[in-house]
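Heads up: the structure comes next, in C-alpha cells.
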Amino acid sequence: MTVKSISSRIDWVGAIDRDRRLFDELIPLPNGTSYNSYLVKGDNANALIDTVDPSKKETLFDNLRQSGIEKLDYVIVNHGEQDHSGTLPTLIEKYPECKIVTNQKARDILTDHLTLEDVKFKIIDDGDQLDLGGVKLEFGLIPWVHWPDTQYTHAIEEEVLFTCDFLGHHYATDQLFLNDECELEDSAKRYYAEIMMPFNSRARKNLEKIQEIENEIEIIAPSHGPLHENPENILDYYEEWTSKKLKNKVLIPYVSMHGSTEILVEHLTNALIERDIEAKPYHITKTDIGDIAKELVDSGTIVIGSSTVLGGAHPKALYIAYLANGLGAKANYASIIGSYGWGTKIVDQIADTISSLKLELIEPKIIKGKPNQKDLKLIEEMADKIQEKHRKDPDINSN
Ligand code: FEO
C-alpha cells in the first residue's frame, strides 16, 4: 500500500508487513501486521505521527517522498517501542530540522534504546497542544497500554485520534478500514488478550479517558492494523473485554501423550455441553497460542489437561499455565485434569504456575493410566461443580 488519504490534511504513510509471523519472538501473527505512520499537514508545519519498524524504513521514506512534503517539522512519538520508533535515527538524518515531540517517559525510553544524537526534543504533558496551522494536535497520556510511555494524539479539527498500540490489531491489508466485523472482533480480541490484558485495569482507565472525547472523534487510527471508521465498535469491544464480565464458558487447553488425558478432556467437554456450558478444548501442540489467549479474555473457568512427563506436568501444559498467569487471565475458577503412570506432581506445578491469578481452584482430577468408568464419574462431578460455581457467580452470565 502506498500513500492513502484519510482527510485533506492527513495521509497514511506507513508500511504493511504481510510476511511477519511472530512478534517479540513470541506472539503469532497469522494475518501479518502493519506499522501505521501518519503525516499531518498543517498550513505552517508538518508532523509525522510515529515511524515504522526499521525493516520497513525505505517504505516510509518512499511514502514521504510521494506525499510531496519538502520539510518535516515534527515527529510525534506516541510510544517508544522500536516497531514505531526504530526508524527515528535514520529519519532525523534525513530531516535534521525535525523535532521529536513526546512525553518525558517516552523520551527516556527512546534515549535508552536508540542511538539518537543531536536531536531536539519537545516534551509534552497531558492536555498540551501543538498548533500546525489549520489543525491542532492535542496529546493525552494513556500509560501502560502496554508500556509506561504511551500517549494518544488527537487531530482536533480532523476528528482523528491516533492511539498507537491501543485499540489496534495485527492485520495486514491494503484496505484503510476493515469492513468485516467478525474479522475485526477476532483479530482485535486476540491482540487485546496478548498485549493489553496484562494491564487490564490501566486499559480500562485509558478507555474511559478516550470515551470522554468519543463525540469528538470520527476515526480512530491505531499504529497496527486497519483504522476504525466507526469508533464505537472497537470502544464497545474494549468496554466488554476490560470489564469483569465472563461467559458461561470453560477453556480446556490440554496435551495428551498416549490418549488418556484426551479421554478425560472429551468426557469433560461433553459433560459441560450437557449442562449448557460452552466448552473450548484446544490441543496445545496443534493450536496457535493466540487462539488460546483469546479465550482467556472471557472464559469463566480454565481447566488445564496434562500428561505426566518426568514426574511432573508436561512442559507444554506448564507453558500455557505460565501464559495464562502472565497475561492475567480473567477466569474466576480453574482446575487440572491429567493422568500418570507411577507418580506425578502435575497439580502442584500447575497450581504454582498460576498462583498470581485471583481464582478459586476447583478440586483437580488426576487419574492413573487409562480412565475407567469410575474416573469418568469424577470428571462428571467436576462438571457439576463448575456448573454450580458459574450459576452462583454474578460475573458469569449463565442464563
Ligand atoms: Fe507496536 Fe508496543 O509496539
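Remarks
- Restricted to region 58-81, and to residues there that are over 26 Å from residue 43 (Cβ atoms) and crowded, with 17+ Cβ neighbours inside 10 Å, the residue that is farthest from the ligand (Cβ to nearest atom) is 59.
- Single residue of 351, 331 found to be surrounded by 19 or more Cβ atoms within 10 Å (Cβ to Cβ) and hydrophobic (A, V, I, L, M, F, W, C): 331
- Members of region 175-203 that are within 14 Å of the ligand (Cβ to nearest atom) and surrounded by fewer than 18 Cβ atoms within 10 Å (Cβ to Cβ): 198
- Positions within region 237-252 being outside any loop (DSSP other than H, G, I, E, B), charged (D, E, K, R) and under 27 Å from residue 350 (Cβ atoms), in sequence order: 247, 249
- Unique match (being buried (at least 22 other Cβ atoms within 10 Å of the Cβ), in contact with a Phe, Trp or Tyr (Cβ under 6 Å, 6 or more places away or on another chain) and among the aliphatic types (A, V, I, L, M)) among 250, 265: 265
- Test: residue 294 is of a type in the set (D, E, K, R), in the same structural domain as residue 357 (by TED's automatic domain parsing) and assigned to a strand (DSSP E or B): no
- Qualifying residue in region 301-319 (condition: modelled with pLDDT of 95 or more, aromatic (Phe, Trp, Tyr), more than 30 Å from residue 394 (Cβ to Cβ) and surrounded by fewer than 24 Cβ atoms within 10 Å (Cβ to Cβ)): yes
- Any hit, region 161-170, residues being under 25 Å from residue 18 (Cα atoms) and small (Gly, Ala, Ser): yes
- Some residue of region 204-214 being at pLDDT 95 or above, within 16 Å of the ligand (Cβ to nearest atom), part of a helix (DSSP H, G or I) and more than 11 Å from the chain's Cα centre (by Cα): yes
- Per-region count, region 1-47, residues more than 15 Å from residue 84 (Cβ to Cβ), modelled with pLDDT of 95 or more and within 14 Å of the ligand (Cβ to nearest atom): 1
- Looking across region 353-377 at every residue that is part of a helix (DSSP H, G or I) and either in contact with a helix residue (DSSP H, G or I) (Cβ under 9 Å, 6 or more places away or on another chain) or at pLDDT below 95 (or both), the one that is farthest from residue 395 (Cα to Cα) is identified as 375.
- Every pair of residues 6+ apart whose Cβ atoms lie under 6 Å, when the first sits in region 203-231 and is of a type in the set (Lys, Arg) while the second is part of a loop (DSSP other than H, G, I, E, B): 204/242
- Filter result for residue 149 (of a type in the set (Asp, Glu), touching a residue at least 60 places away in the same chain (Cβ under 8 Å) and within 11 Å of the ligand (Cβ to nearest atom)): yes
- In a residue-by-residue description of region 67-78, the property of being closer than 19 Å to residue 155 by Cβ, assigned to a strand (DSSP E or B) and touching a residue at least 60 places away in the same chain (Cβ under 8 Å) applies to at least one position.
- Checking region 107-117 against the condition returns no match, with no residue being within 16 Å of the ligand (Cβ to nearest atom), touching a strand residue (DSSP E or B) at 6+ places or on another chain (Cβ under 6 Å) and part of a loop (DSSP other than H, G, I, E, B).
The values are calculated or read from the model by the stated rules, or taken from the named source; none is laboratory data. Nothing here was measured: the structure is a model prediction, and the numbers come from that model. Reconstructed Cβ throughout: ideal geometry from the backbone, glycine too, with neighbour counts over all protein chains shown.
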